[in-house]
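Step one of this worksheet: look at the structure below.
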Amino acid sequence: MRTPRKLFLIISCLALFIFSCTEEKNTQLPEDANLTTTSDFEQSLINKVGSETATQLIEDLNDSARFPINYDGQLCPDAVNFGEAVYRGFSNLNNADFWYFNGSAGDVVSIQVDRVSCEMDPVMRLYLGSGDTSSLSYLTGADDNNGQACAPACYSFADPKINGYVLPVTAVYTVAIWDFAGGFCTSGPQAYSVVVTGNSCDADGDGCNDDVDPHPNSNVDPTVNIDGCDSGVDNVFIDCSSLNDLIGDCAAAAANHGDFVSCVAHLANEWKNAGLISGRDKGKIQSCAARADIP
Ligand SMILES: [Ca+2]
Ligand SMILES: [Ca+2]
Ligand SMILES: [Ca+2]
């Protein structure tokens with residue numbers, strides 16, 4: 001055998017050996033490893049990514065126990081949200097993209113993450129709680145259980161979907177998304193989309209989503225009442241604020257009782273002019289305002 005051919009064979013074998021080792025490393029990464037550091041988990045990381053990288057990952061994992069969350073946004077039903085995750089962020093909270101949504105006890109939610117970058121390996125976790133990472137309680141997660149939005153490339157595995165998860169309590173929930181172990185043919189941020197169904201972004205059900213509702217938790221009492229005085233006037237809505245909400249704004253802003261009464265009188269005039277209430281209604285509301293111990 002001539003020397004150049006021999007050399008080529010040796011290099012080929014070496015490349016094949018390195019590639020097969022690398023492939024094995026990637027496929028055996030503990031994608032759903034618990035966030036608590038265990039000796040098994042440490043050993044597993046050392047075996048698969050080498051001691052130097054493993055040490056760094058474990059340090060990051062421990063550091064990530066407590067830090068404030070910077071959210072990418074709120075997840076509203078059926079809205080498609082786009083994000084970019086750190087390449088090969090594993091399941092380290094430091095590398096997560098965070099989203100939140102308001103959920104009610106008994107809501108049956110589904111959350112789907114689809115890669116936009118075909119070489120991403122998306123993984124997600126659902127947590128109860130929000131604000132900072134120490135407030136999160138892990139509920140469930142998903143990794144490779146859903147068909148891919150685009151063809152697999154370079155060991156990019158598959159997409160995650162949480163299907164029909166019943167929310168335990170009424171609270172804010174946090175969704176964390178990573179590129180666990182994106183393919184070998186890429187680097188840099190990994191683009192994905194996330195869609196949630198089954199929750200609500202309209203807490204008071206008045207047709208305005210919370211983020212654009214001037215009063216996201218409107219007072220929905222049937223009648224206008226001020227400090228225990230029931231005027232008997234219908235508490236109707238104007239642009240997702242009820243009359244009681246607007247009177248509440250007067251109470252919050254008033255420096256003294258005279259300010260409050262004047263503010264309510266101004267509102268009642270507007271409502272009468274707009275045909276929302278009668279002159280008699282206006283008198284009842286102003287009478288309640290005058291008697292109220294506000295502020
Ligand atoms: Ca995946
Ligand atoms: Ca609303
Ligand atoms: Ca409202």
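If we keep just the residues of segment 202-242 that are near ligand 2 (Cβ under 8 Å from one of its atoms) and touching a helix residue (DSSP H, G or I) at 6+ places or on another chain (Cβ under 6 Å), which is farthest from ALA176 (Cα to Cα)? Out of the qualifying residues, it is SER218.
Can you give me the number of residues within segment 243-258 that are over 20 Å from GLY283 (Cβ atoms) and either in contact with a helix residue (DSSP H, G or I) (Cβ under 6 Å, 6 or more places away or on another chain) or free of Cβ contacts under 8 Å to residues at least 24 places away in the same chain (or both)?
Taking segment 243-258 first, the residues over 20 Å from GLY283 (Cβ atoms) are 245, 248-249, 252-256.
Checking which are either in contact with a helix residue (DSSP H, G or I) (Cβ under 6 Å, 6 or more places away or on another chain) or free of Cβ contacts under 8 Å to residues at least 24 places away in the same chain (or both) leaves us with 249, 252-254.
Total meeting the criteria: 4.
Scanning segment 196-230 for residues that are among the β-branched types (Val, Ile, Thr) and in a loop (DSSP other than H, G, I, E, B) gives a single hit, VAL220.
What do you reckon, is ILE285 away from ligand 3 (no atom under 16 Å from the Cβ), assigned to a helix (DSSP H, G or I) and at pLDDT 95 or above? Against the criterion (away from ligand 3 (no atom under 16 Å from the Cβ), assigned to a helix (DSSP H, G or I) and at pLDDT 95 or above), ILE285 qualifies. Give just the number: which of (1) part of a loop (DSSP other than H, G, I, E, B); (2) within 16 Å of ligand 3 (Cβ to nearest atom) does CYS150 not satisfy? That leaves (2) as the condition not met.
Any chance segment 131-141 includes a residue that's more than 16 Å from ligand 2 (Cβ to nearest atom), within 12 Å of the chain's Cα centre (by Cα) and more than 23 Å from ASP210 (Cβ to Cβ)? So far as segment 131-141 goes, no, none of its residues is more than 16 Å from ligand 2 (Cβ to nearest atom), within 12 Å of the chain's Cα centre (by Cα) and more than 23 Å from ASP210 (Cβ to Cβ).
Applying the condition of being without any contact (Cβ under 8 Å) to a residue 60 or more places away in the chain and among the hydroxyl-bearing types (Ser, Thr, Tyr) to segment 195-239 and asking which residue is farthest from ligand 1 (Cβ to nearest atom) yields SER231.
Listed residues THR174, THR186; which is outside any loop (DSSP other than H, G, I, E, B) and either away from ligand 2 (no atom under 16 Å from the Cβ) or surrounded by fewer than 15 Cβ atoms within 10 Å (Cβ to Cβ) (or both)? Before the answer, list the steps.
On the way: THR186 fails: outside any loop (DSSP other than H, G, I, E, B).
Result of the check over THR174, THR186: THR174.
In the set (1) under 37 Å from the mean Cα position of the chain (by Cα); (2) away from ligand 3 (no atom under 16 Å from the Cβ), the condition left unmet by GLY228 is number (1). Within segment 211-233, being surrounded by fewer than 17 Cβ atoms within 10 Å (Cβ to Cβ), charged (D, E, K, R) and farther than 22 Å from ASP293 by Cα holds for one residue alone: ASP211.
Table: residues versus (1) surrounded by fewer than 18 Cβ atoms within 10 Å (Cβ to Cβ); (2) at pLDDT below 95; (3) not hydrophobic (A, V, I, L, M, F, W, C).
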{"site": "SER242", "(1), (2), (3)": "no, no, yes"}
{"site": "LEU246", "(1), (2), (3)": "no, no, no"}
{"site": "ASP249", "(1), (2), (3)": "yes, no, yes"}
{"site": "ALA252", "(1), (2), (3)": "yes, no, no"}
{"site": "ASP259", "(1), (2), (3)": "yes, no, yes"}
{"site": "LEU267", "(1), (2), (3)": "no, no, no"}
{"site": "ASN273", "(1), (2), (3)": "yes, no, yes"}
{"site": "SER278", "(1), (2), (3)": "yes, no, yes"}
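Do we have MET120 as buried (at least 22 other Cβ atoms within 10 Å of the Cβ) and within 12 Å of the chain's Cα centre (by Cα) here? Break it down into steps so the answer makes sense when it comes.
Values: buried (at least 22 other Cβ atoms within 10 Å of the Cβ): yes; within 12 Å of the chain's Cα centre (by Cα): no.
So MET120 fails the test.
Tell me, yes or no, whether segment 142-162 has at least one residue that is closer than 24 Å to TRP99 by Cβ, more than 16 Å from ligand 1 (Cβ to nearest atom), modelled with pLDDT of 95 or more and out of contact with any Leu (no Cβ under 8 Å at 6 or more places or on another chain). Before you say what the answer is, go through the steps one by one.
Keep residues of segment 142-162 that are closer than 24 Å to TRP99 by Cβ, which gives 142-150, 156-162.
Cutting the leftovers down to more than 16 Å from ligand 1 (Cβ to nearest atom) gives us none.
No; the residues of segment 142-162 include none that is closer than 24 Å to TRP99 by Cβ, more than 16 Å from ligand 1 (Cβ to nearest atom), modelled with pLDDT of 95 or more and out of contact with any Leu (no Cβ under 8 Å at 6 or more places or on another chain).
Restricting to segment 231-257, and then to whatever is within 15 Å of ligand 3 (Cβ to nearest atom) and part of a loop (DSSP other than H, G, I, E, B), can you tell me which residue is farthest from LEU75 (Cα to Cα)? Show your work before the answer.
Pass one, segment 231-257, residues within 15 Å of ligand 3 (Cβ to nearest atom): 235-249.
The next check asks that each one be part of a loop (DSSP other than H, G, I, E, B); those that pass are 235-236, 239-240.
Details: ASN235: 30, VAL236: 29, ASP239: 23, CYS240: 20 Å.
Ranking the candidates gives ASN235 first.
For ASP281, the test of being of a type in the set (Asp, Glu) and within 13 Å of ligand 2 (Cβ to nearest atom) is failed.
The values are calculated or read from the model by the stated rules, or taken from the named source; none is laboratory data. Computed from a predicted model, the values in this text were never measured in an experiment. Using ideal geometry, Cβ is built from the backbone for each residue, glycine included, and neighbour counts are taken over all protein chains shown.
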